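Only one structure is covered here, and it is reproduced in the block below.
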Amino acid sequence: MNTPALSVGKDTVCYCTRCKMDLGHMIMSMVGPVPARVMCRTCKSEHNFKPKRGVKEPGGVAPSRGSPGSTTRTARAPREVKEEKTVPVELEWMRQMNASTAAMKEYGADQAFIAGDRIKHPVFGEGIIQKLVFPNKVEVLFKMDIKTLIHAGKSA
């Protein structure tokens with residue numbers, strides 16, 4: 001799979017130090033081929049680039065844990081590494097929007113939604129409800145990011 005080149009102004013997914021989650025960020029500055037400063041698309045905070053949790057370098061894999069200080073080991077066959085397959089947010093959004101037959105609803109904090117509803121938000125655009133977050137929030141997949149929004153809760 002061909003990965004797009006990173007550059008200033010492009011989007012990347014990395015760890016947000018304020019939101020404490022892996023989220024979409026816009027690259028603000030680069031040092032060589034690696035982002036240096038990024039801006040979170042969710043909370044709008046600017047911070048140093050932090051790779052996704054468990055990854056020490058962009059494109060790297062999580063380090064294996066060995067016992068500290070041990071230098072002698074018996075020879076073993078290397079473990080098979082399971083590679084985590086990640087799907088870009090935009091591709092998953094497109095797949096779910098095309099698969100959904102639900103009618104588009106206008107988003108409003110006073111509206112009640114259920115998982116699978118398609119909504120149109122005035123700022124974030126079209127999205128699809130992923131799950132309900134008790135008691136009055138929903139997680140919504142938009143074209144560029146996943147957002148948590150307020151809603152009216154369970155409909156009677």
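Please find, within segment 109-123, the residue that is nearest to PHE142 (Cα to Cα) out of those that are touching a strand residue (DSSP E or B) at 6+ places or on another chain (Cβ under 9 Å) and exposed (fewer than 12 other Cβ atoms within 10 Å of the Cβ).
Filtering segment 109-123 for residues that are touching a strand residue (DSSP E or B) at 6+ places or on another chain (Cβ under 9 Å) and exposed (fewer than 12 other Cβ atoms within 10 Å of the Cβ), the one nearest to PHE142 (Cα to Cα) comes out as PRO122.
Hey, among GLU106, GLU83, GLU126, GLU139, which residue is at pLDDT 90 or above and exposed (fewer than 14 other Cβ atoms within 10 Å of the Cβ)?
Exactly one of GLU106, GLU83, GLU126, GLU139 is at pLDDT 90 or above and exposed (fewer than 14 other Cβ atoms within 10 Å of the Cβ), namely GLU106.
Select, from VAL55, VAL89, the only residue that is at pLDDT below 90, within 21 Å of VAL140 (Cα to Cα), surrounded by 12 or more Cβ atoms within 10 Å (Cβ to Cβ) and among the aliphatic types (A, V, I, L, M).
Residue meeting the stated conditions: VAL89.
Filter segment 11-41 down to the residues that are among the polar types (S, T, N, Q), part of a strand (DSSP E or B) and either touching a residue at least 24 places away in the same chain (Cβ under 8 Å) or assigned by TED's automatic domain parsing to the domain that holds VAL140 (or both) and list them by number.
Scanning segment 11-41 gives a single hit, THR12.
The values are calculated or read from the model by the stated rules, or taken from the named source; none is laboratory data. Since this is a predicted model, take the numbers as computed values, not measurements. Cβ atoms come from the backbone with ideal geometry, glycine included; neighbour counts cover every protein chain shown.
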